[in-house]
Every structure is written in structure tokens, then in C-alpha cells.
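Input: a single structure, listed below in C-alpha cells.
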Amino acid sequence: MSKILIIEDEAAIRRVLVRIIREENINYLVEEAEDGFVGLEMIEKNDYDLVLCDIKMPKMDGVEVLQRSQKIKPEIPFLMISGHGDLETAVETMRLGAFDYISKPPDLNRLLNAIRNALDKKQLVVENKRLKKKVDKNYQMIGNSEAIINVKNIIDKVAPTEARVLITGDNGTGKELVAHWIHQKSNRSKNAMIEVNCAAIPSELIESELFGHVKGSFTGANKDRAGKFEAANGGTVFLDEVGDMSLSAQAKVLRALQENKISRVGSDKDIKVNVRVIAATNKDLKNEIEKGKFREDLYHRLAVILIHVPSLNERINDIPLLIEYFSKKISDEQGNVSKTFSEGAIQLLKEYDWTGNIRELRNVIERLLILGEDVISENDVNLFAKK
């Protein structure tokens, strides 16, 4: 049910607006305020999906109500109600953040369309915030060791820039998580981050995956298809395991970075793209360069900023925090009550050699939560942790 507030000092106009809105949809809950002060108090105390606000009112005009509301509830769309002499002010309120304005006397169709559009916008804002929170929750960076704090500090410095970043580290250390943090803290966060696992795509298909193709360019190309660079226009492309990319694809990526343009497989038509590239690898790219498997010029294009993600063995003091975090996350996902770990069990886990890093630790914690006792002991760790 959508909740709408009407702030209007003329009772007759309020009654007309209430009747029109309720006749449009009986599920609209409509409340009234006779002046700006009362309306602002109601906005502070309640959650509204839309506010219709008159511009010319005694005590506090609609412009001030709009500006004050944006400071406390910026997500609420405002429809400003303007008299004939208020049109210039009404247009100015849109510059200040109002969704739209309605002239007196209100045109029925225009009013109802504006209400529907404003409510749709509010729903999109709420949904985007929900998704944003979901993403943030899934990509938390847990730990307060010196090694991980250094990584966080570099992210905070580099994220707002357009600099390309090369993330290095062993498998399972969280390179993808670092890439997500960079994107979410960047000026491109409202646009997409498109991930490409270069190791998972056959070498003969990687160019099509990255840059798209035109119909008939190869067997199975039944229609034109956009690639990841086009899909990420305005956002970020994350090239995971970039060290596994074929040399021919590397050449095309280099051109995209140099000229901000790509061409689809089978076409000589240039397509302009505006993307930030973040790459990651578990390989020693300088060694790959010496072997002739990676282009040195591409390396220098990608590695403007280098971030090395430490192994779990380099940050063992973060293990208790990671145990607590994964225990709650896994229990919530499976609908179970979270178990606790004894001090002895935690100490034993800190002494292990975590060759699989964070990914291995998470799997071990899930196994212990399933097979261990209510309080997971050293005995549980010895029995179930390393298999």
C-alpha cells in the first residue's frame, strides 16, 4: 500500500486531491497537512512514498518544505502544486530535487500520471538500496590485521580515481572481493561491474565474450551479440585470471585500453566504450612475459596500481573474526542456529597451513557447523577440519 501526504493550506483543494487519489486506487493511503510545519513534522515521524506539496503557503512555503525534507528523507519524491503565478518557482523546485509539478486546477490525467511515475521512482530507489545492501553484505572484507588494513587503505585511495588496478594473490585469497570493493567505492558504482573469468572461457571464444561478434563471423554465430566491454559501458570490467587470456585477445584488450574503442569479431566497425578495467591473476605475470605468454605492454597498461592480497597464512590473527563472520553467514543461509567455537578450536585452526586460503577456511567452517557439536571443540577440528 502506497502512503501519500498532501500538504496544502486550502481545505477545498485538499479534499479534491484526496478524492481523486482514492478513486484512482483504493490501496492509496492518503494523509493531509494544513501547512508546511505540520507537513514536515509528519514527514519526520512517518514513511511516505510520495508528497504533494503546495508552493505558496503561510508560515512555511513549499520550497522550504522540500529542502528540509531532502535533508531528512531524500528518497521521498515531491510533486509540487503551483498556482498560475508560481510556474517559474515550480520549475525551480525541480532543479532543487522535486520530481514534478502540477498546476492548479489540476488536470486529472496529468496528476494521476505524475503520481504513478513518482511512486514507480520511489519503488526503484528502495529496490536499488536493497540490492546495494545485499551486494555490500556479500562482499564484506573481514579482518583488522596490518596486511588487510594496508589493502583497505589502498582501495580507499584508488577507488575514486580512474586508475587501472592489477590485483595479485594466490587462489582463494579474495581478489574478486577486492575488485568489488574498488567498484562499489568508485564513481562508477551506479553502473554495472561485469566479470569475465578468463580461465573458464575457451581461448577461441574469449574474444567474442569480451568484444562481441557479428552474425556469421564463426560457426554458431547466429545473430549479432554485444560483448562484456559494451555491456559494462560507463562501469567496470573485471578480468579475473587475466594471465590465462590468449595473446590475440590481449592485443584487442590493449587496443581497447589505448583507444577506448573495440570492434566485434567479424566486424571492422569501431565501437566507443568507456570502461574502467580491473584485472586479477594468481600468476607471476613478469615470469609469463619472459616466457612470451603475456604482453609486456599490456602488463604496464593494467598495472597502474598493484594490489597484492595477502594469503590467510599471512594474516592468521584475522582467523577468529573470519570464523565468527562465516559461522553467522552460513547459519543464516541454512536457517540454523549459529554454533560457537571453543578457544582451543580457534587456536588449532590458527595453526593450520591454509593453502586454500579464505575459500578453504569457509569450507572447513561449514563442515564443522554441520558435523560438530553445539560448541565446536578441538576434537571436532581434529576429526573434521582437514580432510
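Computed from the coordinates by the stated procedures, all read-outs in this text should not be read as laboratory data. These numbers come from a predicted model, not from an experiment. Cβ: placed from backbone, ideal geometry, glycine included. Neighbour counts: every protein chain shown.
Counting only DSSP H runs of at least 4 residues, each contributing -39500 (n - 2.57), and dividing by the residue count of the chain, the helix-based mean residue ellipticity at 222 nm comes to -14500 deg cm²/dmol. Working note: Karplus 6.51/-1.76/1.60 with θ = phi - 60° gives the stretch 302-315 the couplings 7, 8, 5, 10, 9, 10, 9, 8, x, 6, 5, 5, 8, 9 Hz, where Gly and Pro are set to x. Taking only C-alpha pairs under 8 Å that are 6+ residues apart, what is the relative contact order of the stretch 139-310 in percent? The normalised contact order for the stretch 139-310 reaches 32 percent.
In order along the stretch 216-221, phi translates into HN-Hα couplings of x, 6, 7, 4, x, 7 Hz, rounded to whole numbers, per the Karplus curve 6.51 cos²θ - 1.76 cosθ + 1.60 with θ = phi - 60° and x for Gly and Pro.
Summary value for the chain: 13 percent relative contact order, contacts being C-alpha pairs under 8 angstrom separated by 6+ residues.
Distant-in-sequence amide contacts of S82, defined by a placed amide H-H separation under 5 Å and a gap of 5 or more residues or a different chain, comprise I102, S103, K104. Remark: for residue pairs K73/K122; K71/K121; K228/K261; K73/K329; K228/K272; K45/K71, the C-alpha separation exceeds 21 Å in K73/K329. Restricting attention to the chain, close to 10% of DSSP beta bridges with both partner residues there are antiparallel.
Cross-link partners for K328 among the aspartates and glutamates, with Cα-Cα distance under 19 Å and sequence neighbours closer than 8 places in the same chain left out: D136, D318, E343, E360, E366, E373, D374, D380. The loop-placed GluC sites (Glu not before Pro) in the stretch 1-71, going by DSSP, include none that has at most 10 neighbouring Cβ atoms within 10 Å of its Cβ. The GluC sites (Glu not before Pro) of the stretch 247-335 include none that meets both conditions, a loop assignment by DSSP and at most 15 other Cβ atoms within 10 Å of the site Cβ.
Taking amide hydrogens as modeled 1.01 Å from N in the peptide plane, which residues meet the under 5 Å criterion relative to V30, leaving out close sequence neighbours? Residues meeting the amide H criterion: I4.
Counted over all Cα-Cα pairs of the stretch 3-135, pairs farther apart than 27 Å make up 13 percent.
Report, as a whole number in µm² per second, the diffusion coefficient that Stokes-Einstein gives for the chain at 10 °C and 1.306 mPa s using the Kirkwood radius over alpha carbon pairs. Reported coefficient: 63 µm²/s.
Applying the Kirkwood pairwise sum to the alpha-carbon positions of the stretch 139-310 produces a hydrodynamic radius of 16.5 angstrom.
Taken over the stretch 313-384, the ratio of Cα radius of gyration to 2.2 N^0.38 Å equals 1.00. Partner lysines whose Cα lies under 26 Å from the Cα of K157, excluding those fewer than 8 positions away in the same chain, are identified as K129, K132, K133, K134, K137, K175, K185, K190, K283, K286.
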